[in-house]
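Heads up: the structure comes next, in structure tokens.
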Amino acid sequence: MDTTAATSTEEISHKPVHPFLFTILILPMGVSVGFVSVTLGYLLSEAGVSVEKIAALVGATLLPHIFKFIWAPLVDTTLSFKKWYLMASIISSVGIIATGIFPLNASSLPILTLIVLASQFAITFLCMATEGLMAYDVPLALKGRAGGFFQAGNLGGVGVGGGIGLFLAQRLSAPWMVSASLGLICLACCLALFFFKDPKITIKEEQLSKTYENLFKDVWNTIKTKSGLLALMLCFLTLGTGAAGNLWASIAKDWHVSADTVALVTGIASGLISAVGCMIGGYICDRMNSRNAYLLFGLLAAAAAAGLGYAPRTEMMFIIGTSFYAMTTGLCYAGFTAFVLEAIGKGAAATKYNIFAALSNSPIYLMTYVVGIAYTHLGAKGMLNTEAAFAVGAVLLFIVVQKIMYRNKVKVKLGM
């Protein structure tokens, strides 16, 4: 059974939806992360909680996304993409609302971490459904643009959850009002589903056992190729993670930045700038090799981090530095989505995408924790240089491995 054919009578026969709808569908992912990393991060820092502990809480937003490939086959083999999205949206929105109920201090960190983990577990299903719709609806020539809009919603959502969240937290009397507002915004994203038709997933059969057999064959046929192996390697590398951006709100005091400036620059403005970066990155990836584009974007992000590390400790330099960093993060996220969409094709789209996405969250989780520790021991400059060094090392490693593969004509297309 050919589950990855480019043209099939079983594929979507209607005109593809506008890619902006993927921005809306993935928005809750960014909102939930932005609320924790920016809004809660700033408020916890003001309450005297250490940056290292805040980094651990922020890292908890990523933990379910590292292992989500384990339950991703459920989305490909059971309910429709739209039904999975709706259920996940309701559960994750309730989780976001619940986050604002407890006091924001060190003693509440265990329960806050559990709520964040549960909410993000639900978010993983929302992401899978969105990715499945994107893989089936978007033609190959537009994968870059679709990936750009998709990641624009993801990173733009961080601006909504972080910037608007912190802005409201400074003006509303209780944190639950902030979390309730953001939770309802996320739930409203379900309205975008009305513009989609559920595709017929090409691996599905009447017998569930046969469906899973098709799924495993499709996954293997994707990852055993040279393109698949190189894409897998890119997912493990520590570049383009945007890890330092998760801690801007917690370390902004080093640049003597006010709360309102933090809310604007690391929240709303950062989300918009990174969204623009995503769209530019997607446009570029449709016009050059997406893997090479991703490496280039990763080096730009490293330069942005190092540049801010050596910049004067003023509010203006913080605004300029974090804005450029946000732009490069958007480029990297768009590049990642583009090369993954090209590698997976259709078939078991949710499963395949989330194998790559789960692996890519490992270095993001690692670097968020690493830069948190680096800040504790080396300060802001050392933290930013640490992230830049990891990124440059990752690019060099990939180039060396790729050259060795080509020089020795390594046979990477393995047999079953």
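At-a-glance table
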{"item": "THR211 being under 26 Å from SER274 (Cβ atoms), surrounded by 16 or more Cβ atoms within 10 Å (Cβ to Cβ), of a type in the set (S, T, N, Q) and in contact with a helix residue (DSSP H, G or I) (Cβ under 6 Å, 6 or more places away or on another chain)", "result": "no"}
{"item": "Elements of type helices (runs of 4 or more DSSP H) contained in segment 60-110, each with 1 or more residues being surrounded by fewer than 16 Cβ atoms within 10 Å (Cβ to Cβ) and out of contact with any helix residue (DSSP H, G or I) (no Cβ under 7 Å at 6 or more places or on another chain)", "result": "73-77, 81-99"}
{"item": "Any hit, segment 136-145, residues being touching a helix residue (DSSP H, G or I) at 6+ places or on another chain (Cβ under 6 Å), part of a loop (DSSP other than H, G, I, E, B), of a type outside the set (Gly, Ala, Ser) and within 17 Å of PHE81 (Cα to Cα)", "result": "yes"}
{"item": "Unique residue being part of a helix (DSSP H, G or I) and within 21 Å of the chain's Cα centre (by Cα) when the list is LEU239, LEU230, LEU215", "result": "LEU230"}
{"item": "Candidate set from segment 258-272 (those that are among the aliphatic types (A, V, I, L, M) and buried (at least 23 other Cβ atoms within 10 Å of the Cβ)); member that is nearest to GLN151 (Cα to Cα)", "result": "VAL265"}
{"item": "So SER93, is it farther than 24 Å from GLY245 by Cα and of a type in the set (S, T, N, Q)", "result": "no"}
{"item": "Single match in PRO28, PRO16 (criterion: outside any loop (DSSP other than H, G, I, E, B) and in contact (Cβ under 8 Å) with a residue 24 or more places away in the chain)", "result": "PRO28"}
{"item": "Those residues of segment 190-208 which are surrounded by 18 or more Cβ atoms within 10 Å (Cβ to Cβ) and in a helix (DSSP H, G or I), in sequence order", "result": "CYS190, ALA192, LEU193"}
{"item": "Selected residue [in contact (Cβ under 8 Å) with a residue 24 or more places away in the chain, out of contact with any Ser or Thr (no Cβ under 9 Å at 6 or more places or on another chain) and either β-branched (Val, Ile, Thr) or at negative phi (or both)] from MET288, MET316, MET279, MET367", "result": "MET279"}
{"item": "Qualifying residue in segment 353-364 (condition: within 28 Å of SER227 (Cα to Cα), in contact with an Asp or Glu (Cβ under 6 Å, 6 or more places away or on another chain) and buried (at least 24 other Cβ atoms within 10 Å of the Cβ))", "result": "yes"}
{"item": "Residue count for segment 259-275, restricted to those that are modelled with pLDDT of 80 or more, under 11 Å from PHE318 (Cα atoms) and not hydrophobic (A, V, I, L, M, F, W, C)", "result": "1"}
{"item": "Test result for ILE123, crowded, with 24+ Cβ neighbours inside 10 Å, of a type in the set (Val, Ile, Thr), closer than 17 Å to PRO28 by Cβ and under 20 Å from the mean Cα position of the chain (by Cα)", "result": "yes"}
{"item": "Within segment 303-323, considering residues that are small (Gly, Ala, Ser) and under 25 Å from THR23 (Cβ atoms), the one surrounded by the most Cβ atoms within 10 Å (Cβ to Cβ)", "result": "ALA304"}
{"item": "Test: residue in segment 324-339 that is over 16 Å from GLN151 (Cβ atoms) and either surrounded by fewer than 18 Cβ atoms within 10 Å (Cβ to Cβ) or free of Cβ contacts under 8 Å to residues at least 40 places away in the same chain (or both)", "result": "yes"}
{"item": "Tally, over segment 59-79, of residues that are modelled with pLDDT under 85 and over 30 Å from LYS217 (Cα atoms)", "result": "1"}
{"item": "Count of segment 380-407 residues which are hydrophobic (A, V, I, L, M, F, W, C) and farther than 30 Å from THR314 by Cα", "result": "10"}
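The values are calculated or read from the model by the stated rules, or taken from the named source; none is laboratory data. Since this is a predicted model, take the numbers as computed values, not measurements. Reconstructed Cβ throughout: ideal geometry from the backbone, glycine too, with neighbour counts over all protein chains shown.
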